[in-house]
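First up is the structure itself, then whatever we jot down about it.
The values are calculated or read from the model by the stated rules, or taken from the named source; none is laboratory data. The model shown is predicted, which means the values in this text are computed figures rather than measured ones. Cβ placement follows ideal geometry from the backbone for every residue including glycine, while neighbour counts extend to all protein chains displayed.
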Amino acid sequence: MKKIITNEKESLTSQERTGMKRRDFFKLLGGGIFIFFQPRDTFKLLELQAQQGRSLPTEFNAFLQIAEDGSVNCYTGKIEMGQGAITSLAQIMADELEVPFENVKMVMGDTDLCPWDGGTNGSQTTRSFSPHMRVAAAEAKTILMQLGSDYLHVPVSQLEVKDGIITDIKNNKSKVSYGELTKGKRIEKHLDGKPELKDYIKFKYVGKPYLHQDSRLKVTGEAKFSADIQLPGLLHARLLRPPSHGAKLVTADLSEAEKIKGIQVVRDGDLIAVLSDDRDKVDQAIVKVKAGYSFDETEVDDKTIFDRILKANSETNVIKSNGDLETGRKISDSVTESEFHNSYVAHATIEPHAATAMIEGDKITVWVSTQQPFRAQETIAREMNVPLEKVRIKTPFLGGGFGGKSAHKQAVEAVKLAKITGRPVVVAWTRQEEFFYDTFRPAAVVKITSGMDKSGKITLWDYNTYYAGARGSDTIYDVPNARTTNYSGGSVHPFGTGAWRAPGNNTNTFARESQINIMASKAGMDPLEFRLMNLKDEKMIAVLKAAADKFGYTPARNPSGRGYGIACGTDVGTLVAHIAEVKVDKITGHVQVIRVVCAQDMGLCVNPQGTTIQMEGCITMGMGYALTEEIQFQGGDIKNHSFDTYEIPRFSWVPKIDTVIMDRKDQAPQGGGEPTIICMGAVIANAVYDATGARLYQLPMTPERILTAMKKT
Amino acid sequence: MEETIRFELNGKKTQMLLDPNLTLLWVLRNEFGLTGTKYGCGMGFCGACTVLLEQEAVRSCTLPVSDAANKKIVTIEGLVLNGNLHPVQKAFMEHDALQCGYCTPGMIMNAVGLLLKNPEPSQQDIIKGMEGNLCRCGAHVRITKAIQTAGKEMKGGK
Ligand code: FES
Ligand code: FES
């Protein structure tokens with residue numbers, strides 16, 4: 001039997017992070033059983049520590065509490081942005097602890113309550129975080145069973161637990177609830193070491209479809225987002241923005257704005273803001289500020305950017321290499337060289353960046369729409385020159401993230417203005433500000449030289465990816481002579497760029513899977529058969545076959561006129577295969593996606609309902625970067641200001657969607673929020689080729705580009 | 001400049017001294033604390049700010065509050081009657097027709113407006129009616145189904 005260790009150590013290293021003294025911590029949370037755990041391995045932690053230049057708590061970075069009323073609370077720095085973690089994490093917890101699902105509460109993204117976390121990205125929540133959470137829950141159950149055994153005076157082996165009630169098997173009248181057992185107690189346990197995955201078969205909640213836990217709040221309008229926080233004396237702020245990136249403020253005439261009744265004008269260096277009780281008033285006042293700028297712009301636009309990328313002074317990294325490219329060339333019967341382009345795209349979440357800041361005494365509290373609450377805390381502490389514990393970030397619901405809510409400019413602005421005015425301030429960006437300050441998915445180029453022998457076996461693969469990022473650049477096919485080179489590091493972008501749902505992978509998968517289809521056509525083979533012949537990875541073969549089955553796919557050499565496309569790839573440990581059917585209007589160049597099938601192998605699927613929704617979402621969102629989304633710019637001047645010129649998918653675009661989740665209960669869970677989006681460029685490009693014979697080498701595939709490509713055939 | 005503006009908001013007669021040029025969206029959010037109505041673009045392009053004005057779905061971000069004078073306004077908060085969710089709200093939950101939930105209030109209000117006009121919309125009617133409401137998370141398939149379900153329930157309930 002396991003011994004319970006009651007940890008009475010007085011120092012919680014994490015309090016330095018959260019700013020919470022141990023005493024306050026327990027005062028706030030009450031008694032019960034606490035399990036502290038560390039969801040990352042130490043090596044990664046050290047790495048992270050070096051990257052972020054801060055020392056991390058070594059003890060734990062999440063914890064679980066069985067409170068005195070028997071409720072189960074999980075405190076984590078992860079946030080909920082529509083990906084459904086609030087539901088799937090609770091399912092895992094309910095199962096391991098044998099408590100009703102409804103009793104589990106997730107407390108997320110509050111830097112005062114939750115231990116430090118590296119942020120919500122890279123589909124890490126289920127992959128890296130949840131296995132540790134399961135162990136913590138299992139540990140808590142062990143402690144509870146031991147307490148139950150003492151209480152009921154029977155050995156643990158004679159007890160069973162259901163819905164948070166421990167019962168003596170031999171005498172079912174003798175029972176006790178978790179809540180009764182934890183009452184008046186404070187037991188702490190710190191976990192370390194690697195969790196082992198246990199038998200999933202017995203699970204009651206995990207693996208079952210669960211509806212979003214937060215949906216009632218969201219359908220009634222009660223769910224609070226960062227701009228919805230109502231505070232007495234709240235001021236609305238608008239800030240003066242430069243007309244383009246790289247422009248410097250030279251003169252500013254505030255007199256007209258100052259004349260407006262009820263408007264407070266603030267200037268602090270380059271920060272110029274107007275504030276008022278009314279949002280409308282600040283919208284009117286900000287345009288009254290007359291400003292002059294000096295411009296020092298890079299001579300680049302959305303057409304010349306690709307040349308600039310190729311000519312940049314880049315760092316070159318060979319990420320992977322096997323065999324010898326020269327040999328590959330020699331034994332190849334035909335060689336194909338292609339160059340693929342991908343444009344800048346916006347995150348375009350429907351909720352723009354927002355922050356509401358309040359300063360009470362020396363404590364700063366900010367509600368921020370961020371995927372990185374702890375990084376926001378650091379940024380604000382640094383900018384305001386205060387200790388970390390004086391800054392509390394609260395993360396309400398996020399109206400979408402996709403990697404775009406990782407910088408905190410709006411939060412710093414709100415805090416600065418709250419400090420200057422002495423009142424709470426909300427900074428909620430306009431759609432135009434959102435398009436201006438977005439960290440766009442970078443424009444990128446991929447160059448591939450590939451060869452095959454007479455039978456269609458790939459013999460050469462020389463893959464060069466420029467400024468997309470390395471994610472997804474692996475050759476998933478079995479090629480004897482292959483090299484993947486990543487080019488990065490030069491200053492090519494005239495504005496901010498950053499992670500965008502499955503960073504790098506959308507561009508890389510578009511290039512690789514287009515090239516594979518080009519080769520299949522050259523070889524006179526059906527693109528599915530060509531893939532199956534060149535793949536060794538059994539899992540990839542299985543997802544392709546599953547997708548083909550679901551679609552009812554029959555082989556044909558492309559272009560067949562049917563408008564069928566196929567593509568596959570991997571992301572965050574998950575494998576995906578897509579088959580799509582499109583119709584191309586040969587006069588207008590307009591593409592209508594009729595049907596998309598996606599098969600996905602993500603290991604154990606915790607919440608099939610949540611996963612299906614993520615898959616549908618990825619397919620729908622992915623049509624945008626495939627067909628219309630593209631930032632137009634001239635130097636640092638972003639031409640797209642709203643959804644009129646930046647077209648995102650709408651109801652009429654949505655195809656019939658079928659999803660297949662491979663049954664892999666015995667395998668560790670992998671990422672689910674991003675993988676299904678990676679094939680959308682390639683699968684539609686390949687379908688357009690099959691429909692028209694026109695090959696598109698650039699995303700998005702706008703009608704003009706399609707018509708131009710069709711003319712070439 | 002300010003004048004008394006009267007309207008019926010979520011079933012309650014209301015009056016307030018207001019600058020008539022203020023935008024309905026900000027009046028609802030800031031004067032009445034009804035933050036369920038969202039800002040998405042402020043230009044009529046996304047539908048996040050949709051409310052009902054005299055039973056018709058309108059974009060509150062481009063509507064001066066004076067246009068709502070003496071009219072009936074319903075926001076997402078006003079759909080719940082005696083603690084009961086509106087059939088469209090229920091159907092959105094049932095079909096899990098949301099992810100981040102930011103577009104959701106606007107989607108629901110637009111759908112209610114649509115069903116009031118056309119209680120038995122075809123799939124095509126729904127797509128056409130909802131086309132101007134944007135969702136970045138890609139909840140479209142489920143929203144369409146939810147509206148169909150709600151339409152049936154509303155008809156049956158009447
Ligand atoms: S906020 Fe009104 S339509 Fe976008
Ligand atoms: S659910 Fe996120 S925008 Fe629609």
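Of the residues A:473, A:455, A:491, only one is within 23 Å of the chain's Cα centre (by Cα) and not aliphatic (A, V, I, L, M); which?
A:473
Select, from A:592, A:600, the only residue that is part of a strand (DSSP E or B) and out of contact with any Gly (no Cβ under 9 Å at 6 or more places or on another chain).
A:592
Is one or more of the residues making up segment A:581-589 more than 18 Å from residue A:675 (Cα to Cα), charged (D, E, K, R), in contact with a Phe, Trp or Tyr (Cβ under 6 Å, 6 or more places away or on another chain) and surrounded by fewer than 24 Cβ atoms within 10 Å (Cβ to Cβ)?
The answer is yes; a qualifying residue exists.
Give segment A:643-679 a look and list any residue that's out of contact with any strand residue (DSSP E or B) (no Cβ under 9 Å at 6 or more places or on another chain) and within 19 Å of residue A:538 (Cα to Cα), or say none.
A:663, A:665, A:666, A:668, A:669 - these are the residues of segment A:643-679 that are out of contact with any strand residue (DSSP E or B) (no Cβ under 9 Å at 6 or more places or on another chain) and within 19 Å of residue A:538 (Cα to Cα).
Is it true that residue A:533 is at pLDDT 95 or above and touching a helix residue (DSSP H, G or I) at 6+ places or on another chain (Cβ under 9 Å)?
The answer is no for residue A:533.
All but one of (1) under 17 Å from residue B:57 (Cα atoms); (2) at the interface with chain A (Cβ under 8 Å from one of its Cβ atoms) hold for residue B:142; state the number of the condition that does not hold.
(1)
Let's see how each residue does on (1) of a type outside the set (Val, Ile, Thr); (2) assigned to a helix (DSSP H, G or I); (3) surrounded by 22 or more Cβ atoms within 10 Å (Cβ to Cβ); (4) not assigned by TED's automatic domain parsing to the domain that holds residue A:517:
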residue: A:610; (1), (2), (3), (4): yes, yes, yes, no
residue: A:646; (1), (2), (3), (4): yes, no, yes, no
residue: A:660; (1), (2), (3), (4): no, no, no, no
residue: A:663; (1), (2), (3), (4): yes, no, no, no
residue: A:670; (1), (2), (3), (4): yes, no, yes, no
residue: A:687; (1), (2), (3), (4): yes, yes, yes, no
residue: A:704; (1), (2), (3), (4): yes, yes, no, no
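Scan B:79, B:9, B:52, B:98 and give me the residue that is within 16 Å of ligand 1 (Cβ to nearest atom) and either touching a residue at least 24 places away in the same chain (Cβ under 8 Å) or under 30 Å from residue A:645 (Cα atoms) (or both).
Matching residue, one of B:79, B:9, B:52, B:98: B:52.
Six or more apart or on different chains, Cβ atoms under 9 Å: show the pairs whose first residue is in segment B:133-145 and not assigned by TED's automatic domain parsing to the domain that holds residue B:40 and whose second is more than 9 Å from ligand 2 (Cβ to nearest atom) and basic (Lys, Arg).
Sorted first by the residue in segment B:133-145, then by its partner, the pairs are B:133/A:650; B:134/A:650; B:135/A:650; B:140/A:650; B:141/A:656.
Results for (1) more than 28 Å from residue A:647 (Cβ to Cβ); (2) in contact with a His (Cβ under 8 Å, 6 or more places away or on another chain), shown as yes or no for each residue.
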site	(1), (2)
B:30	yes, yes
B:37	no, no
B:41	no, no
B:64	yes, no
B:67	yes, no
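Kindly provide the set of residues from segment A:457-512 that are part of a strand (DSSP E or B) and of a type in the set (Ser, Thr, Tyr), ordered by number. Spell out the reasoning first.
Of segment A:457-512, the ones part of a strand (DSSP E or B) are A:458-466, A:482-488, A:497.
Listed by number, the residues that qualify are A:459, A:463, A:465, A:466, A:484, A:485, A:487, A:488, A:497.
Do we find a residue being touching a Pro at 6+ places or on another chain (Cβ under 6 Å), modelled with pLDDT of 95 or more and away from chain B (no Cβ under 14 Å) anywhere in segment A:691-700?
Initial filter on segment A:691-700 (touching a Pro at 6+ places or on another chain (Cβ under 6 Å)): A:693.
From the residues that got through so far, the ones that are modelled with pLDDT of 95 or more too are A:693.
Adding the requirement that they be away from chain B (no Cβ under 14 Å) leaves A:693.
Within segment A:691-700 (the criterion being touching a Pro at 6+ places or on another chain (Cβ under 6 Å), modelled with pLDDT of 95 or more and away from chain B (no Cβ under 14 Å)), the answer is yes, since at least one residue qualifies.
Each row is one residue, and each column tells you yes or no for (1) under 23 Å from residue A:396 (Cα atoms); (2) in the same structural domain as residue B:104 (by TED's automatic domain parsing); (3) away from ligand 1 (no atom under 14 Å from the Cβ).
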residue	(1), (2), (3)
B:32	yes, no, yes
B:42	yes, no, no
B:57	no, no, no
B:64	no, no, no
B:69	no, no, yes
B:72	no, no, yes
